[in-house]
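Note sheet for the following structure.
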Amino acid sequence: MTSIRPLARPRAPFSAPVWQGLSRTMGVLPALLLFFVFAGQAAAQVFPVEVLHYTGSPDERLNMVILGDGYTIDQQDKFMEDARRMAEGMFLQEPFSSQKELINLYAVKVVSNESGAAMDPNRLIDNYFGSSYWSYGIERLLWVWRLNRVANVLQANTPFYDEGVIMVNDPKYGGAGGQYAVFSTNAQALEIMLHELGHSLGGLADEYWAGNQYARENTNMTQDNDPQTNRWRDFLYENGIGIYPHEESPTWYRPHQNCKMRYLGRDFCDVCDDALSRNIRSMTSPDLFAMPVAFFGASDLHVEVGSQVQFYDMSSFRPVAWEWTFEGGEPAESMEQNPAVTYAEPGIYTVTLTVTNHRGPNTHTKEAYINVAPPDVTSVTAPGALPVLHIYPNPVAADLRMEYDAALEGAAFTVLNALGGTVLTGRVQESVPVHALPPGAYVLRIDTPAGPLTRRFLKQ
């Protein structure tokens, strides 16, 4: 079986190697200023984060981030199950199994209003990143068309990232490599992901014949068939490595007949394994003389009273001490690296982390980061007992649109803020203007004979 054709694109701007390099050539302070300015610009794209695998300071590791597309608010548990399954499977295969201690892996819980992927990039559905099959006229080429959103989410949630991976909640076979590795949740999802990482992380070419437009000199593709000068001459004649012509275009050669870059379900050949391993190691050289860069994430950003939030330190340059401050939280302060905090009162709360290493301290604050709602405005009756109501877009800037059962036509609604106070009332209709509401978290509530019907939304 052949796999997905790559999209040749540059790596994302301001990824970890870039800003680490800036700190070494420009001095630490300018790099930190650039880092925080860029992260601040993307603040509207903040989502909950889970740490799947953590082995060390981000500046000393390859930082891989899985983003979900086409996962609705009710499918976030599925996203985490899918992400954990991909992580477990990846670390069972080379070169990732032997390089496991050099990799940090994170999952960002991105919420889409619509599940799945589009079938036409000219008619995108309301998923978050605009993933669609039939990209560039190829049915199984699954790509994301809202690239600015991908960059914003990565910069706002994991600004030290090295490799962005986008998992699309759709069972149809598809994927793509290039600037990001994109793959569907097809039964072969793990194999598709690993193949696309060959493109995105290893810079590798397909070893099946993808077409003349993709033919180029590369680590695992060449027109040089001389064993003395061939690109992979150091690997020749061991473990199946040779100089094999493409049947479709015999002036081009590949190093192996059964590499994962040709067939799913195979291992990476020695040439491709080495390229991936070298790229992983190249991103893990420490800078022991840098000031720390404080940063953190949280497992949930919108919770009910009494809920616990897990916070994750994601600071760089080997901090040895942590000082957290949690407005409205219990505990209100912590010196643990990854504390869990409970919120007992409704409100919108700020979190601050100060980290310290041998060069000194650094502080990062996220204003209005945790939104805690009273339990009576977020309770939901068992599925099937209430009329159907969908709201979109979410987050919303101006007009909140509603799709609903006929039973809700003209019903009275109330919009409550995070403190449970009424900020807007009206009647159910297709579009409700909310542009006058301040940015923040809100709950739309409709009282029905079956009980209260509630939907949470964010006002940008």
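Bear in mind these aren't lab numbers, they're just calculated from the coordinates by the rules spelled out. None of the values given here were measured: they were computed from a predicted structure. FYI the Cβ positions are ideal-geometry reconstructions off the backbone, even for glycines, and counts take in every protein chain you see.
Listed values, structure above:
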quantity: Inter-label distance, nm, simple model (7 Å from Cα along the C-beta direction), S249/R281; calculated: 3.2 nm
quantity: Hits among aspartates and glutamates - C-alpha to C-alpha of K78 under 15 Å, sequence gap 8 or more where chains match; calculated: E50, D69, E114, D170
quantity: In degrees, nearest ten, helix 16-25 long axis to first principal axis of the chain (Cα); calculated: 80 degrees
quantity: C-alpha long axis of helix 270-282 to longest principal axis of the chain, angle in °; calculated: 50 degrees
quantity: Mean-position separation - Cα centroids, segment 123-198 and segment 246-315, in angstrom; calculated: 15 Å
quantity: Net +/- balance of residues flanking I348 in space, Cβ distance below 13 Å, scoring K and R +1, D and E -1; calculated: -1
quantity: Rg in Å to one decimal, and Dmax rounded to a whole Å, for the chain via C-alpha atoms; calculated: 24.3, 81
quantity: Long-range amide H partners of F413 with built H, under 5 Å; calculated: G426, R427, V428
quantity: Using alpha-carbon coordinates, inclination of helix 28-41 to the longest axis of the chain, degrees; calculated: 60 degrees
quantity: Cα pair distances in segment 16-282, grouped into 10 Å bins until the bin that holds the longest one, percent each; calculated: 7, 28, 33, 23, 9, 1
quantity: Stokes-Einstein diffusion coefficient of segment 309-460, Kirkwood radius over Cα pairs, 10 °C, 1.306 mPa s, in µm²/s; calculated: 90 µm²/s
quantity: Where N is the number of residues in segment 67-192, Cα Rg divided by 2.2 N^0.38 Å; calculated: 1.01
quantity: Structure-based [θ]222 nm, the chain - -39500 (n - 2.57) summed over DSSP H runs of at least 4, per residue, nearest 500; calculated: -5000 deg cm²/dmol
quantity: Calculated from backbone phi, Karplus (6.51, -1.76, 1.60) coupling profile of segment 387-403 in Hz, x at Gly/Pro; calculated: x, 7, 8, 10, 10, 6, x, 8, x, 10, 9, 10, 10, 8, 9, 10, 10
quantity: The chain, relative contact order in percent, only Cα pairs under 8 angstrom and at least six apart counted; calculated: 12 percent
quantity: Semi-axis lengths (Å, descending) of the ellipsoid that matches the C-alpha gyration tensor of segment 387-459; calculated: 19, 14, 10
